[in-house]
Amino acid sequence: MSGEHDHELGFWRKYVFSIDHKVIGIQYTITALLFLLFGFTLMMVMRFQLAYPGTEIPFLAKIFGEGNMPGGLMLPEFYNQLGAMHGTIMVFLGVVPLAVGGFGNYVMPLQIGAPDMAFPRLNMASYWVYFLGGVIMLGSFFLPSGAAQSGWTSYPPLSNINPGQTAWLFGMVFLITSSLLGSVNFIVTIIQLRAEGLTFFRLPFFVWAQLVTAFLLLLAFPPLEAAGVLQLMDRLAGTSFFMPSGLVVSNQVLDIAGEGNPLLWQHLFWFLAHPEVYVLILPAMGIVAEILANNTRKPLWGYRSLVYATIFLGFMSFIVWAHHMFMTGMGTTMSAFFQTTTMIISVPSVIILTAMVISLWGASIRYTVPMLFAIAFLPMFAIGGLTGLPLGLTASDIHLHDTYYVIGHFHFVVAPGTLMALFGGIYYWFPKVTGRLMNNMLGKLHFWGTLIFMNVVFMPMFLQGMHSVSRRLYDQTVYEHGKDVQDLTIASSWGAWCLGIAQIPFIINFFASIFAGKKVGSNPWDATTLEWAAPSPPPHGNFETEPVVYRGPYEYSPPEDPTGFSPQNKAPA
Amino acid sequence: MSSAEIKYIDKPHPLTGVTNAKLGIWLFLASEVMLFGALFSAYVLLRVGATSWPRGSDELNVPLATLNTIVLITSSVTMVMSWASLKLDNFGKFRRYMGMTIALSLAFLVIKTFEYTPKFSHYEVFLNDKTSVRGHLGEKHEDHILFTPDPEKDGEHAGVHPEEMRIERSDIRRLTNFGPRHSNFFALYFTLTGLHGLHIIGGIVVNTWLMFPGSAMWKTQRERFTGRVECAGLYWHFVDLVWIFLFPLLYLL
Amino acid sequence: MLDSLYGYWLPPDISTHGYQVDRLINVIHWFMGAIFVGWGIFFTYCLIRFRARPGHRASHQLPKAKASKWSEVCVAAFEAVLLIGFSMPVWAQIKNEFPTEEQKPLHLRIVAEQFAWNFHYPGADGEFGRTAPELMAADNLIGLDYDDPAAADDLVTNNDLRIPVDRPIICDLTSKDVIHSFWIPVMRIKQDVIPGMKIPIWFQATQTGDYQVACAQLCGNNHYNMKGDLTVYSAAEFEAWYADMAGGDDEEEEEEDE
Ligand code: HEM
Ligand SMILES: [Cu+2]
Ligand SMILES: [Cu+2]
């Protein structure tokens, strides 16, 4: 798709082992979209067991094997594998690679007017290391031990004694390495390679979001890597970092040294995984900010406060991790600290959301397909954020912790939230990548289907959670309270399957538009940021002449400019 | 290829004052600090929660480790010298110092191997009556093992080699060598020094590359090559620094 | 018998402290609802009023929006109230204000395992017999040392928790294998059970009846089925049951319960 100019490179160097950030961005995007689809498919299969527990679907036995689904009946261990892998794939192989590896790689260098990433070869390496990590994760389904089945959080001692975990750990080591390489590259690129005149406060908000995200990845992932190393030692070298003395499994005392600490893992894990949720959401906010400014035709309200809020969010996200551990027997001092930081961190989120909504005031809103997704992001993220409050306060968390309420909460952030933003981003930047627009009708169909069914899937979960249904249950009807709300589960499952169907217009649109979409020029949305100053698709090296920046990122509808918008690189009259 | 090239590859950025590679290596080291920081925290947490913790100097080979500390510090010095030689345009000297750095790193690994190996053939038997015996394992049988206890360190029998003895399996609670599975102390010892060792191996690979194939760049882009050696040096000093923390933590405290 | 108890919101609350948990949950949800509705009205209004249409142009000028600062400050202030006024006191009560011995609490040990809850009652002497991991076996799930005199009248039940109403219960939670989470939804009590740790909790029931104990933390294949029965007896019923059981042969009791 790119690089008409470099005839000297062969097919392999041009499309497979390319060092062009745009090709790598596309590779990331396609791979991550496939993983998202796969992770979602796992969930659609699980949703059948949840809605109709114990029902056999014989043809699934053929797909997944008699060992996992004898006669088409899902076994609990297989359910747990699907659950753990759904979480892992969605987070580490789907959303982050799409938001950072895909969008970040493709768009960020263009937005800062750079010819490429600072370290193109390293960039290629991070993609391929990610790819290998993905292969290991997927391949683990075919190992005799099966895939990991201790949840994406992999709490020991369960994960120490469960099969499948070793492959997960090796896979994670690859994914972590890939993220670390990527984040170094992103930070250096943003700091060093901005075009002339592009000061920090003239950066598009998307770039800020990527910068903070990269810092989070850089500093939060190593502790998980450390935890992974320790768990590998526990599993392979017989140590007991996470296992206390006197463990008895099936009434057999384990032959271990003991004296380990299961909570050590949780601390190290959540030290990563809380910042990770901001890694999932910040790039989405960045995308939404771009689309909002472009389609409201006016500057973002409170650009500076957005930036400061994001940086503050980044800092704070390192000191809230133990709000995931309130039920581990935490005393009053620790819990007071983590409740307070959690309440504090909600403030910048409120600021960001407020700034985005106020940006609508005085606008002239074009309801393009990307804009629909960006707009829908706002209330969905609001629901996700608000429902975090009762989980961040210990007293209410007593009832809600580890229930479907939690599942509803974070999915509203990452699925109707982040995924909506990512879809919006795809519609928005598609013309930059291909030179063609995606189809409007199909786009709207996709939008409404997705918005409605996302809510049908996840809304019932709040009520289920209120109603005491634990998460990660293979069959909730064994509990009386589970039987009570089984109809909600069935509704949610049908929602998930319809959500799957709602993606068909997108898939058709995506592939058809590559070849048959309406051809457009380099700036179809009348946008101001630098990526639109490059040809569509941008050639190798991106810009025909090195861009120079004269103004802030969102100079829409300035009174002095009759065209209605002033691109950042337009020389002042 | 179209016009633009990636900037600040060999010259520092006017505002930040560093090249891309140097900023990159500093960021990488920041993440390494988080990695070892997390492991050190794990050490503290496990040690605080432990019912008993051996003194490193009783269990580990302090003389060898001291030797290794000296070896590693020297290698840091030669690393600086190799970079300085490039600065002074003396490629031959660079090679010599780089060669010394690599040789010292290999020496570190060899000494480490001497430190590791005996641990795996040295055993401890924990008996049901809460006592334990250290020594070397003889034949293993269905219902018993043969075991040669270590000579006592002090007391009246100090230095006397005890006879091989028979221990009933039914009396044994746990039998383990002094590998990682022995106890959290040894688990941490092997994990931390092992991970550090992997960093050493990484450094050797990079330095060897810089010394031989990578040095071709010296002819074409001197500044860039010097920058690379400097970055490798920063990494090497970091690895050295980690050891400076590990040494007292594991061997002395 | 239970379905009528559970509505679509919170399950019934039969504990002395639970009303505070429920109150906090309800207050937060009203608060969330208010924010969301207020915010939603503004949002929808903007979407309609500022739609692109012929003759309408976006203004480059940014609104002053003083109100937004105030709404942010209000949200933050309200959060502070929730935190300090509602959440922290409940937590302090649950964690620190254990019933005193004057209140004659019933002491229990709860031993979790894959995939069952074992309840260890001290019996008439009020003392728990010694337990040890080495003694754990299929017919002695908690590894009780029957040579210990204190163990003679101990009672161990499996997935069957019976407690008296209106009397404080203090439990020590331990796990044999992996992390579980002891949860009685109607009692508004949830506590992770972590191997290697002994975690005390307390609660007090206000109503008799039959309820369920759940495991809230993924603990393996049969996690979903790790449920126990909770029976809240009147004081007299409980004493009768307890005397009957603890006096008899408890091994037999255990089998009966499996
Ligand atoms: C859009 C379609 C999606 C559906 C229908 C869906 C559904 C679910 C459901 C029902 C569960 C609970 C499973 C259980 O308790 O056994 C779950 C768990 C989870 N989901 Fe999703 N999800 C979706 C998308 C996502 C996305 C986009 C992400 C992350 C970025 C994600 C991350 C997770 C995680 C981390 C878990 C927890 C897994 C665990 O328990 O270990 N999901 N999902
Ligand atoms: Cu968190
Ligand atoms: Cu359990």
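The values are calculated or read from the model by the stated rules, or taken from the named source; none is laboratory data. Bear in mind the structure is a predicted one, so any value in this text is a computation, not a measurement. Virtual Cβ from ideal backbone geometry, glycine too; neighbours counted across all protein chains shown.
This table checks each residue for (1) modelled with pLDDT of 90 or more; (2) among the small types (Gly, Ala, Ser).
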| position | (1), (2) |
| --- | --- |
| B:99 | yes, yes |
| B:103 | yes, yes |
| B:108 | yes, no |
| B:141 | no, no |
| B:157 | no, no |
| B:182 | yes, no |
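A quick yes/no check of all residues on (1) within 16 Å of ligand 3 (Cβ to nearest atom); (2) surrounded by fewer than 19 Cβ atoms within 10 Å (Cβ to Cβ):
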{"position": "C:88", "(1), (2)": "no, no"}
{"position": "C:107", "(1), (2)": "no, yes"}
{"position": "C:112", "(1), (2)": "yes, no"}
{"position": "C:120", "(1), (2)": "no, no"}
{"position": "C:126", "(1), (2)": "no, yes"}
{"position": "C:152", "(1), (2)": "no, yes"}
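Within segment C:40-70, the set of residues being more than 7 Å from chain A (Cβ to nearest Cβ) and assigned to a helix (DSSP H, G or I) comprises C:41, C:44, C:45, C:48, C:49, C:66, C:67, C:69, C:70. Counting only residues that are within 16 Å of residue A:50 (Cα to Cα), give me the helices (runs of 4 or more DSSP H) lying completely in segment A:459-564 with at least 1 of them. Result: A:480-484, A:486-502.
Got at least one residue in segment B:66-80 being more than 19 Å from the chain's Cα centre (by Cα), more than 14 Å from chain A (Cβ to nearest Cβ) and closer than 28 Å to residue B:233 by Cβ?
Yes, because at least one residue in segment B:66-80 is more than 19 Å from the chain's Cα centre (by Cα), more than 14 Å from chain A (Cβ to nearest Cβ) and closer than 28 Å to residue B:233 by Cβ.
From the list A:431, A:370, A:416, A:390, the lone residue that is at the interface with chain C (Cβ under 7 Å from one of its Cβ atoms) and crowded, with 21+ Cβ neighbours inside 10 Å is A:390.
Taking the condition of a type outside the set (Ser, Thr, Tyr), within 12 Å of chain C (Cβ to nearest Cβ), touching a Phe, Trp or Tyr at 6+ places or on another chain (Cβ under 8 Å) and surrounded by 24 or more Cβ atoms within 10 Å (Cβ to Cβ), does residue A:286 pass? Judged against the criteria, residue A:286 is not a match. Put simply, of A:296, A:332 the only residue that is touching a strand residue (DSSP E or B) at 6+ places or on another chain (Cβ under 7 Å), within 12 Å of chain C (Cβ to nearest Cβ) and away from ligand 3 (no atom under 16 Å from the Cβ) is A:296. Only residues that are β-branched (Val, Ile, Thr) and either buried (at least 21 other Cβ atoms within 10 Å of the Cβ) or within 16 Å of ligand 1 (Cβ to nearest atom) (or both) were counted in segment C:214-238, giving 1.
Which ones in segment A:114-154 are outside any helix (DSSP H, G or I) and among the polar types (S, T, N, Q)?
A:145, A:149, A:150, A:153, A:154
Say whether the condition of being within 14 Å of chain C (Cβ to nearest Cβ), farther than 16 Å from residue A:161 by Cβ and either crowded, with 24+ Cβ neighbours inside 10 Å or touching a residue at least 12 places away in the same chain (Cβ under 8 Å) (or both) is met by at least one residue in segment A:232-253. No - not one qualifying residue is present in segment A:232-253.
For the residues A:9, A:50, the requirement of being hydrophobic (A, V, I, L, M, F, W, C) and either within 14 Å of chain C (Cβ to nearest Cβ) or within 16 Å of ligand 1 (Cβ to nearest atom) (or both) singles out A:50.
Do you know which of the residues in segment C:166-184 that are charged (D, E, K, R) and either within 19 Å of residue C:238 (Cα to Cα) or surrounded by fewer than 22 Cβ atoms within 10 Å (Cβ to Cβ) (or both) is nearest to ligand 2 (Cβ to nearest atom)?
C:172
Filtering segment B:1-56 to residues that are more than 7 Å from every other protein chain (Cβ to nearest Cβ), touching a His at 6+ places or on another chain (Cβ under 9 Å) and not in a helix (DSSP H, G or I) leaves only B:19. Selection of segment A:65-85 for residues being surrounded by fewer than 21 Cβ atoms within 10 Å (Cβ to Cβ) and part of a helix (DSSP H, G or I) yields A:70, A:71, A:72, A:76, A:77.
Taking segment C:180-214, which residues are touching a residue at least 60 places away in the same chain (Cβ under 8 Å), closer than 27 Å to residue B:49 by Cα and within 12 Å of ligand 3 (Cβ to nearest atom)? If the condition is that a residue be touching a residue at least 60 places away in the same chain (Cβ under 8 Å), closer than 27 Å to residue B:49 by Cα and within 12 Å of ligand 3 (Cβ to nearest atom), then C:180, C:182, C:193 are the ones that fit.
Of the residues in segment A:283-295, none is within 16 Å of ligand 2 (Cβ to nearest atom) and part of a helix (DSSP H, G or I).
Picking from residues in segment C:203-213 that are in a strand (DSSP E or B) and surrounded by 18 or more Cβ atoms within 10 Å (Cβ to Cβ), the one that is farthest from the other protein chains (Cβ to nearest Cβ) is C:205. Name the single residue that is nearest to the other protein chains (Cβ to nearest Cβ) among those in segment A:306-328 being of a type outside the set (A, V, I, L, M, F, W, C) and buried (at least 19 other Cβ atoms within 10 Å of the Cβ). Here the answer is A:328. Per the conditions (1) part of a helix (DSSP H, G or I); (2) more than 30 Å from residue B:195 (Cα to Cα), the sole criterion not satisfied by residue B:108 is (2). If you go through segment A:261-283 and keep only what is within 12 Å of chain C (Cβ to nearest Cβ) and either touching a residue at least 60 places away in the same chain (Cβ under 8 Å) or within 16 Å of ligand 3 (Cβ to nearest atom) (or both), you end up with A:262, A:263, A:265, A:266.
Only residues that are farther than 21 Å from residue A:33 by Cα, within 28 Å of the chain's Cα centre (by Cα) and either modelled with pLDDT under 95 or buried (at least 16 other Cβ atoms within 10 Å of the Cβ) (or both) were counted in segment A:492-525, giving 5.
For residues in segment A:458-479 being more than 16 Å from residue A:47 (Cα to Cα) and within 16 Å of ligand 3 (Cβ to nearest atom), which is surrounded by the most Cβ atoms within 10 Å (Cβ to Cβ)? The selected residue is A:468. Annotation: of all residues in segment A:379-402 being hydrophobic (A, V, I, L, M, F, W, C) and touching a Phe, Trp or Tyr at 6+ places or on another chain (Cβ under 7 Å), the one that is farthest from residue A:430 (Cα to Cα) is A:395. One residue stands out in segment C:119-143 among those that are closer than 30 Å to residue A:150 by Cα and touching a helix residue (DSSP H, G or I) at 6+ places or on another chain (Cβ under 9 Å): the one that is nearest to ligand 1 (Cβ to nearest atom), namely C:141.
Return yes when residue A:444 is modelled with pLDDT under 95 and in a helix (DSSP H, G or I) and no when it is not. For residue A:444, the condition - modelled with pLDDT under 95 and in a helix (DSSP H, G or I) - is not met.
Among the residues making up segment A:155-172, those that are assigned to a loop (DSSP other than H, G, I, E, B) and either polar (S, T, N, Q) or surrounded by fewer than 24 Cβ atoms within 10 Å (Cβ to Cβ) (or both) are A:155, A:162, A:163, A:164.
Only residues that are more than 7 Å from chain B (Cβ to nearest Cβ) and small (Gly, Ala, Ser): list them for segment A:533-550, please. Selection gives A:533, A:534, A:536.
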